[in-house]
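The structure under discussion appears below in the form of structure tokens.
Read the figures in this text as sums done on the coordinates, not as results from a lab. On a predicted model such as this, the values are computed, not experimentally measured, just so you know. Neighbour counts run over all protein chains shown; Cβ positions are idealised from the backbone, glycine included.
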Amino acid sequence: MRNYEAGQDSGDQDHAIGSIDGLGEGWPNPIRLGQDVRFVLVAVGGGAIRVASQVASQHIRHLETVAINCDPCVQGHAEFDRRIYLGPDTGAETDTGGSPVVGGVLARAAEPALERVFRGATFVILVGSLGGGAGSGAFPHVLDVACRHAEVVSAFVIKPFRCEGDRRALADRAIGRLQLVTSYIDRHERSQARLTILDNENLAHRSGGLAFTGVTRHWAKVIQDHIESSFVAPVEAMIEAIQFSRAAEIASIAALPPVEVPELEIVPPVAPPPVEMPPILPAAGAEVELTFEIDSEVRPPPAP
């Protein structure tokens with residue numbers, strides 16, 4: 001199997017893996033949103049691509065957009081930064097025919113391309129349209145790769161209308177499999193991944209018969225608001241606080257008063273007292289006059 005990847009930028013799009021442990025620990029100064037901290041929106045399947053294309057058209061700041069499908073028409077969605085066509089090894093432009101099994105096989109074969117998408121990503125927003133070959137078959141593998149490489153994963157799956165019959169039943173089975181993906185379970189237990197079901201039938205019932213295009217716009221607005229309010233805006237505020245703290249710290253150091261050094265009192269040196277030298281002995285061989293005085297009181301007594 002092979003995959004065909006197209007993008008607006010043909011350069012190297014891989015990034016070093018970042019870390020949000022401690023929210024800012026180990027990040028460079030200044031922190032570059034979109035590079036050091038990456039936000040990636042990935043749509044899998046035709047319905048998901050229609051929803052995500054409306055999100056992409058809003059040009060959310062710092063957001064990378066990726067479209068993945070088993071239909072070769074995905075390469076024509078120029079509103080996405082990167083497009084990945086999951087195709088057969090022969091290069092023939094054929095889709096899954098609605099088979100989740102075929103979609104799963106194609107996604108497993110395309111894992112190196114998927115890893116390039118998610119490697120180094122900080123926040124990933126996945127959108128999958130269930131009920132077809134790409135959504136029900138490829139999406140579980142996309143979720144697995146995303147949870148293994150990204151720091152935080154927020155997944156949305158679109159469930160078909162009740163009138164779509166077999167597709168809705170297929171979507172229910174796919175939702176059950178998604179919650180058994182090991183990497184997703186690990187992230188979910190650490191509050192770093194979650195799965196949200198967008199049910200077309202429930203939305204149409206609540207809205208009183210919303211048109212198909214209205215359903216697409218509604219889910220696009222839900223996802224757009226989620227990206228901005230849950231990821232982009234909080235991270236921008238956090239980084240602004242970090243950089244303000246760093247700037248304040250530098251400013252406080254620069255504003256410290258100079259260290260006052262007390263003036264030293266210079267005391268002139270005091271001359272040492274004269275040293276009394278011992279008497280000088282005569283040199284050897286010199287004539288010395290000796291005087292003896294006899295004290296009578298200490299004379300010895302006369303002999304008897």
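Quick notes
- Rounded to the nearest whole Hz, the Karplus-based 3J(HN,Hα) values (6.51 cos²θ - 1.76 cosθ + 1.60, θ = phi - 60°) of the stretch 107-119 follow the sequence 5, 5, 5, 8, 4, x, 5, 5, 5, 5, 5, 9, 5, with x at glycine and proline.
- The calculated FRET efficiency for the pair ARG173 and ASN202, based on their C-beta separation and a Förster distance of 25 Å, comes to about 0.85.
- Table column - 3J(HN,Hα) (Hz), the stretch 197-202, Karplus curve with 6.51, -1.76, 1.60, x for Gly and Pro: 9, 9, 8, 4, 5, 5
- Fewest neighbouring Cβ atoms within 10 Å first, the residues VAL66, VAL102 line up as VAL102, VAL66.
- Whole-number Å³ per residue for the convex hull built on Cα positions in the stretch 47-150: 89
- 5 angstrom amide H check on THR65, placed H, neighbours 5+ away: LEU41, ASP81, ARG82
- Efficiency of FRET between GLN243 and GLU164 - r from beta-carbon atoms, R0 41 angstrom, step 0.05: 0.25
- Residue exposure proxy: LEU63, LEU106, ordered by other Cβ atoms within 10 angstrom of their Cβ from fewest to most, comes out as LEU63, LEU106.
- Ordering ILE125, ILE31, ILE175 by the number of other Cβ atoms within 10 Å of each residue's own Cβ, fewest first, gives ILE175, ILE31, ILE125.
- Relative contact order (percent, whole number), the stretch 35-225, Cα cutoff 8 Å, 6+ residue spacing: 21
- With eigenvalues of the C-alpha gyration tensor scaled by 5 and rooted, the stretch 35-225, Å: 22, 20, 18
- Using the Cβ of LEU130 as centre and a radius below 10 Å, the other residues enclosed give a net charge of +3, where K and R count +1 and D and E count -1.
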